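Here's the structure we're looking at; comments come further down.
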There are 2 protein chains.
Amino acid sequence: MPVDAASLFKMAQKLRRHSLESTTAAGSGHPTTCMSSADIMSVLFFDEMNWDPRDPSGMAQDVFVLSKGHAAPILWAVLKEAGAIQEDLLTLRRFDSPLEGHPTPHSPWVRVATGSLGQGLCAAAGMAWARKRDATKGRVFCLLGDGEVAEGSVWEAAQFAAVNGLDRLVAIVDINRLGQSGPTMLQHDIGTYAARFRAFGWEAAEVDGHDIAALQKTFAAAQQAKGKPFAILAKTFKGRGVSFLEDKEGWHGRPVKKGDELQKAVAELGDTSIQLKVEPRRYADGPTRSIRQPKVEPKYTLGQEVATREAYGSALARLATDCMEVVAIDGDTKNSTFAEKFKDVAPDRFAEGYIAEQNMVGAALGMAYEGKIPFASTFACFMSRAYDFIRMAALSKPKHLVLCGSHAGVSIGEDGASQMALEDLAMMRAIIGATVLYPSDAVSTERLIETAARTPGIVYIRTSRPKTKVLYANDEYFPVGQSKTLRSSKADRITVVGAGVTVHEALAAHDILAKEAIPIRVIDLYSVKPIDVETLRLAASETGRIVSVEDHAVWGGIGEAVSAAVGGLAPVTIVGVHETPRSGTPSELMHANGLDAASIVATVRSLLK
Amino acid sequence: MPVDAASLFKMAQKLRRHSLESTTAAGSGHPTTCMSSADIMSVLFFDEMNWDPRDPSGMAQDVFVLSKGHAAPILWAVLKEAGAIQEDLLTLRRFDSPLEGHPTPHSPWVRVATGSLGQGLCAAAGMAWARKRDATKGRVFCLLGDGEVAEGSVWEAAQFAAVNGLDRLVAIVDINRLGQSGPTMLQHDIGTYAARFRAFGWEAAEVDGHDIAALQKTFAAAQQAKGKPFAILAKTFKGRGVSFLEDKEGWHGRPVKKGDELQKAVAELGDTSIQLKVEPRRYADGPTRSIRQPKVEPKYTLGQEVATREAYGSALARLATDCMEVVAIDGDTKNSTFAEKFKDVAPDRFAEGYIAEQNMVGAALGMAYEGKIPFASTFACFMSRAYDFIRMAALSKPKHLVLCGSHAGVSIGEDGASQMALEDLAMMRAIIGATVLYPSDAVSTERLIETAARTPGIVYIRTSRPKTKVLYANDEYFPVGQSKTLRSSKADRITVVGAGVTVHEALAAHDILAKEAIPIRVIDLYSVKPIDVETLRLAASETGRIVSVEDHAVWGGIGEAVSAAVGGLAPVTIVGVHETPRSGTPSELMHANGLDAASIVATVRSLLK
């Protein structure tokens, strides 16, 4: 039975009051953007959604994603009113409070951190995709602002949801006409928003976002959606309910003043004495979880030539067979990243992301919150497209999110610089908490894929296009944070640190120099982050000089990581890409950038002169 | 007078033949994606466009952007047939050839490098925006693939073009139904493509992309567009013209085999003996260029408190007054980045980018190719949204492109981690050829803005939210690649390297330690890249130890840059952000991350124990 509109309106007013009071207490924040969405939030949390304020897991319930993250104060307010959280709302934005300025998982009710706009719908779509796969009934509600709909990623999510028929997904756009620095592009042209969603394959309904009964009716219509996601385009006013705030410019990210101004605003909201109880409502079903650990069984022979990108596909397909949580998504590159091997064996757990990398990463993050172990893959250079999503995913602290970038570096050859990832190690290393792995052969790739599936948080795996020789026995293990010292003697005069393709060049250089009686140490730095400080410092002390060789730009990659790790123990000569590369054969490009065995030999010789 | 359809068809077949032959000679490449667009390319270059094959500047001409960069072979072919280039097409993808696998400015006919999909339309929109501002008549044609329309950035560009009424812009979508790894999302649903462009404010026309006369008619219709950009949705077939390639899966990025296979394919194309001449056609007008150098005149007093972000706005407004080439674009943050100060004085040279950072950077790049000096600004953390665009912009080698990221680091305070740029220095340093500047006060900001406007290529400027004291006299200069040693003595026992907000903390730490008779050197590393190796190495030698302090993650930022610069001369203690920050006051967060004066003092003391 629906809750009566008068009560829900009074609750909306109360949520407005909380939003005003908490931001004023904090001295910063976005009350007016909360106020435009107050009626929507009241209807959603106190009437429409089936949820249990005692259980933030979201299992067997409807879940909510606040894509317009700057409206965090009203999220905290509605959770408090529903009895889901106990914190004092007036601690908003304080260093000791989980009620942060934008939603983060410091509150268990936040599934994905938001605050970078246009990302929530991608995550919500990923959740809805996973729920459809699991055939669970819980729906996913996502509240967006109108300003953020200018982000292309919203349309990437929209098309992904439509092509996958995600009718468990409901997007509500709070169209309050005003952005941060002025009116939005479309202002109150609600029809154009609706036309866009319809053109992208959604059901769409326009509604007065301050009319409780109309909102209830529209949500009821959304329940009937079949085969299509549903968009609710709600016409609202920023600062709704307070005359000197409503529909006024200059009030974005600005609380009202303590004292008279706040009192006047609160007075205008009228009676806010209501209390409503959320009756816990859950769905009967829930996904069955497997208990088997992801596991690979590499079966290669030493010296066999296999591209690490191909080993990625083989390992992923192997994981698929007994770990039902593993899912994969790829950006129309599955025949190059070899994610297609996973699709071949587990088509129902593979999502085609098409050429839309932002949504690919965002949706994968959403899948993680449905208990999946998502692997998202594309060319490593195109991971840069999703960098803001990766950054935000790190704030979301997912249990698992594995990103695989293939075709790293100049060793891809003829396709040219646009297809060469030369910045990916720098960008992934900079992500707080991320693990960065870079295998050199098929065995280490497979082992690291298994490790990635078991490692908490974000794991990035960098694979290469060319075939490389198998260096390791099938039973070798590759713990995160360690390295492999492949050549070593007491007499080593220098240490060459490689990773991926350059490990093979370093080994070849070792053999050439050995004939000249110049012993060198060779380290395979497969774990780029965390880095094996101990082994590197030992090598620095024992050999007195380090040369790092990476198929990556010389800033922020392996060379600098090694340099920082060894501190002042030994000078580090950083060999890598300095100039924009061009088309050419892999060997021409490796040589031109000083990465091949002959160049390493020359570098070592010149350093020992 | 239009060229006859039969001749244009024969030329299209010849372009197909070139595409087949050159990719087969190269042993890699994408002939079939060239073949779907051959009729469009023939009509465009030999009939529709007003251009001069002797002049690649694009001035007073129509210009062309190949957004589907993997169709490079047909671009080279059409330029060769038109007499614009002289290179042997069979050198495609060779190390010594400008005819790269994807378009790059190694050919003067390429304005923007492409190959990362979904970017060309953003640049084209920027060009059209600049042309509208300059009231020049030349149009901008952009050829997209259908697969790339899945990129959200295409819709960011679409809305930007519509809201600015860019009727000089014509987008042609080559809808050949097949992506890299399978059919596209919409396959041949041409109507849905048209509906999407219309919903985004464009005129749209559907056409058979292999019907020369129909294409000519549609281009003629596009000439009549008034106030709206024009989209041509061309239904085509991948591999068109060769029976075993046409509309077949498995032929993306795959040339036909030498010998029989190539011969058979070429034979099916029929008579390709045509030669056509492009009659140079130019517009009478052209923009007037000012000759005045960008110039600032800082007028601050020492100790005055001014946020560097505010000084950015002041400097930009000053540049605007006598350098007419300076334009600015911002992502609905102009009141926070202070780009609004530029808008106030030069509204006609300010573009509102709304919340769409990919297009913001892409459009700015396009403006650069129309002789502008573009400044694009948003919160530094949201520059990560455009990282792939920045990467590709670097390959485009623009004369100028200045990016300003404000609100860097934990010092923003209460808004929380989603709004804090902690990875931007790593990501920008990794860009080959980029200059990275990080001013600490208002004077250095203004000077560095002037420098940025005069520095070739991509320049990134990082500004801060809090007010900081003016440290420098108004006539101080800040050359790229240098630093300022602010405190120094023969007795210095340690060097503290700061930048931006941490310079002020380092100075305060200096004063505290001075009272304890611990002299320290303090360096302001305003030029993060290129870095002042000489001064840092001198400091390392003279003081024996370095502490770097940065409001940024500890990977890929200032600490590692310093570490790499000083080599083994001295150990570097890298102080920066290690853990995900949270909401709090700036001073709480600076302290929690070891960045404030008290923490620096403690670090120095512990190192000297």
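Readers should treat all values here as calculations from the given coordinates under stated rules, not as data from a laboratory. Small disclaimer: the values here were computed from a predicted structure and weren't measured. Positions of Cβ are backbone-derived with ideal geometry, glycine not excepted, and every protein chain shown enters the neighbour counts.
General remarks:
- Rg and Dmax of segment A:380-518, both derived from C-alpha coordinates alone, stand at 16.5, 53 Å.
- Per-residue mean of foreign Cβ neighbours for B:376-386 is 4 (Cβ atoms of other chains, 10 Å radius).
- Charge tally for A:A82 (other residues, Cβ to Cβ under 11 Å; Lys, Arg +1; Asp, Glu -1): 0.
- Eligible aspartates and glutamates near A:K277 by straight Cα distance, threshold 20 Å, same-chain separation 8 or greater: A:D4, A:D39, A:D47, A:E48, A:D52, A:D55, A:D62, A:E81, A:E87, A:D88
- Estimated FRET transfer efficiency when R0 is 30 angstrom, pair A:K226-B:D189 (beta carbons, to 0.05): 0.90
- Segment A:M1-A:L608, length gained on full extension (0.36 nm per residue, minus Cα span): 210.2 nm
- One quarter of the convex hull surface built on the alpha carbon atoms of segment B:525-597 amounts to 5.1 nm², the projected area averaged over directions.
- Distance between the C-alpha centres of segment A:569-587 and segment B:518-560: 24 Å, rounded to the whole angstrom.
- Rounded to the nearest 20 debye, dipole of segment B:322-410 from Cβ charges on Lys, Arg, Asp, Glu: 280
- Annotation: amide H-H contacts under 5 Å for B:K137 (H modelled 1.01 Å from N, sequence separation of 5 or more, or interchain): B:D285.
- Value in Å of the Kirkwood radius, where segment A:457-503 supplies the Cα pairs that are averaged: 13.5
- Taking all Cα pairs closer than 8 Å and separated by 6 or more residues, the relative contact order of segment A:366-415 comes to 52 percent.
- 10 Å binning of all Cα-Cα separations within segment A:219-350, expressed as whole percents from 0 upward: 9, 19, 17, 16, 15, 17, 7, 2
- Taken about its Cα centre, segment B:344-495 carries a charge dipole of about 600 debye when Lys and Arg each add +1 at the Cβ and Asp and Glu each add -1 at the Cβ.
- Its alpha carbons give segment B:392-459 an Rg and a Dmax of 13.2, 38 Å.
- Projected onto its three principal axes, the C-alpha set of segment A:1-88 covers 38, 30, 23 Å, listed from the longest axis down.
- Amide H contacts under 5 Å for A:L99, placed H, 5+ residues apart: A:R93
- Principal axis extents of the C-alpha atoms in segment B:60-208 (largest first, rounded to whole Å): 45, 43, 25.
- 15 Å tail of the calculated P(r), segment A:420-490, as % of Cα pairs: 59
- Excluding same-chain neighbours fewer than eight residues apart, the lysines reachable from A:K257 by a Cα-Cα span under 28 Å are A:K10, A:K14, A:K68, A:K80, A:K235, A:K238, A:K248, B:K334, B:K341, B:K467, B:K469.
- For segment B:490-559, radius of gyration divided by Kirkwood radius, i.e. Rg to Rh on alpha-carbons: 0.96
- Calculated P(r) tail over 28 Å for segment A:467-601, as whole % of Cα pairs: 12
- At an R0 of 60 angstrom, the distance between the Cβ atoms of B:A491 and A:Q482 translates into a FRET efficiency of 0.90.
- Residues B:L90 and B:R282, FRET efficiency given R0 of 30 Å [Cβ-Cβ distance, rounded to 0.05]: 0.40
- Taking the DSSP bridge list for segment A:466-609 and keeping only pairs wholly inside it, about 20 percent are antiparallel.
- About its Cα centre, the dipole of the protein assembly as shown is roughly 840 debye, where the only charges are +1 on Lys and Arg Cβ and -1 on Asp and Glu Cβ.
- In this entry, the protein assembly as shown is assigned a mean projected area of 44.6 nm², taken as a quarter of its C-alpha convex hull surface.
- Per residue of B:113-119, other chain Cβ atoms within 10 Å of the residue Cβ number 5 on average.
- Antiparallel %, DSSP beta bridges [both residues in the protein assembly as shown], to 5: 15
- Placing a pseudo-label 7 Å from each Cα along the Cα-to-Cβ vector at A:D260 and B:E305 gives an inter-label distance of 2.6 nm.
- Alpha carbon Rg of segment B:306-396, scaled by the compact-globule rule 2.2 N^0.38 Å: 1.01
- Summed residue charge, Cβ within 13 Å of B:T114's Cβ, Lys/Arg positive, Asp/Glu negative: -2
- In percent, rounded to a whole number, the relative contact order of segment A:290-344 is 43, using alpha-carbon pairs under 8 Å and six or more apart.
- Net length available on complete extension from B:A598 to B:F244 is 120.1 nm, with 0.36 nm assigned per residue and the Cα-Cα distance removed.
- Burial order of peptide ranges A:508-516, A:181-189 (average beta-carbon count within 10 Å, highest first): A:181-189, A:508-516
- Cβ-defined net charge surrounding A:E414, 14 Å radius [Lys, Arg +1; Asp, Glu -1]: +1
- Max-minus-min Cα coordinates of segment B:105-178 on each principal axis give 39, 32, 17 Å, with the largest extent listed first.
- Label-point separation in nm, B:R537 to B:D322, each point 7 Å along Cα→Cβ: 4.0
- Among A:295-301, B:452-458, the peptide with the highest mean count of other Cβ atoms within 10 Å heads the list, and the full ranking is B:452-458, A:295-301.
- Positive-end extreme of charge dipole, the protein assembly as shown - chosen from A:G594, B:G145, B:F64 (charges on Cβ): A:G594
- Approximate shape of chain A as ellipsoid semi-axes (Cα gyration tensor, √5λ), whole Å, largest first: 51, 25, 20
- Look at the alpha carbon pairs under 8 Å that are at least 6 residues apart: their mean separation over the length of chain A gives a relative contact order of 12 percent.
- Peptide A:565-573 is shielded by partner chain Cβ atoms: per residue, an average of 4 of them sit within 10 Å of its Cβ.
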